[in-house]
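One structure is given below, encoded as structure tokens.
The values are calculated or read from the model by the stated rules, or taken from the named source; none is laboratory data. Keep in mind that what you see is a predicted model, and the values were worked out from it rather than measured. Side chains included, ligands, DNA and RNA excluded: accessible areas come from the protein's heavy atoms. Shrake-Rupley method; radii C 1.70, N 1.55, O 1.52, S 1.80 Å.
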Amino acid sequence: MTPPTLTISDDVLTGRQKDVLDAALGLLVDGGDGLTMTGVARRASCSKETLYKWFGDRDGLLTATVQWQASKVRVVPVDRETLDKRTLAIALEKFGRDWLTVLTGDISVALNRLAVSHAGQEKRNLGAIVLENGPIGMARRCEPLLEAGREAGLLDFDDTDQAFRTFFGLVVRDTQIRMLLGEQRRPSEEKIAGQARRAREQFFALYGA
């Protein structure tokens, strides 16, 4: 069954849909590969028919679940006509802070560990879903902000994808791999804020016009 088109964001999802996706995330954390439409329906106290209506099938539900988790990283809207360095810096730093906060949470760590175990296995495609809606999805959302900065004469780069990858590396550093390998201590809010600030400063040092 082909999943219906559903825009996964806080603005358009109903409260009930958010509850269902949170239930699915909880099951992924608790049971890993054990996620089923029946299990989600039971935990969310809804019918399987409702799940099929909203998401189409298990892959559709998995995709929506990953998109819902990724949607918690917000891109600050900017006015391209009046964009200045301070506004761009605030937007990039906020994006980096949100990204690190979500990435180091228990749900994202468990989801990424499970996705890695699926990578390259044709019949178990959570890895591909997380890749498409995680790092690649983040790029699709952040790159217009970088391009707006370039159009405003604030940034100087030739390749938008390469600029994003650099920003990705500056924000995440070795944080994700350390969490995936079992580091138990989650970074504090202060540390996350400091890391996002340094990433923004270093990015401007590399690409500032």
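List of remarks:
- Estimated purely from DSSP H runs of n ≥ 4, each contributing -39500 (n - 2.57), the mean residue ellipticity at 222 nm for the chain is -21500 deg cm²/dmol once divided by its residues.
- Expressed as a whole percent, the accessible surface of the chain that belongs to carbon and sulfur atoms is 50, based on a 1.4 Å probe.
- Enclosing the Cα atoms of the range 10-118 in their convex hull gives a volume equal to 115 cubic angstrom per residue.
- Computed over the chain with a Gaussian network model linking Cα atoms closer than 10 Å, the most mobile of Arg97, Arg185, Arg150 is Arg185.
- Choice from Ala119, Ala91, Ala110 with maximal GNM fluctuation in the chain (Cα, 10 Å cutoff): Ala119
- GNM result for the chain, Cα springs below 10 Å: residue of Leu181, Leu111, Leu146 fluctuating most strongly: Leu181
- Less than 5 angstrom separates the built amide H of Leu155 from those of Arg150, Ala209, all sequence-distant by 5 or more or on a different chain.
- Rolling a 1.4 Å probe across the protein heavy atoms gives the range 17-103 an accessible surface of 46 Å² per residue.
- For semi-axes √(5λ) of the Cα gyration tensor in Å, computed directly from the structure shown, the correct entry in [x] 33, 23, 17; [y] 33, 19, 15; [z] 37, 17, 14 is [y].
- The range 45-143, relative contact order [Cα under 8 Å, separation at least 6], %: 28 percent
- Mean accessible surface per residue for the range 123-209, computed with a 1.4 Å probe while every protein chain stays in place, in Å²: 57 Å²
- Between the range 22-72 and the range 118-176, the alpha-carbon center distance in angstrom: 25 Å
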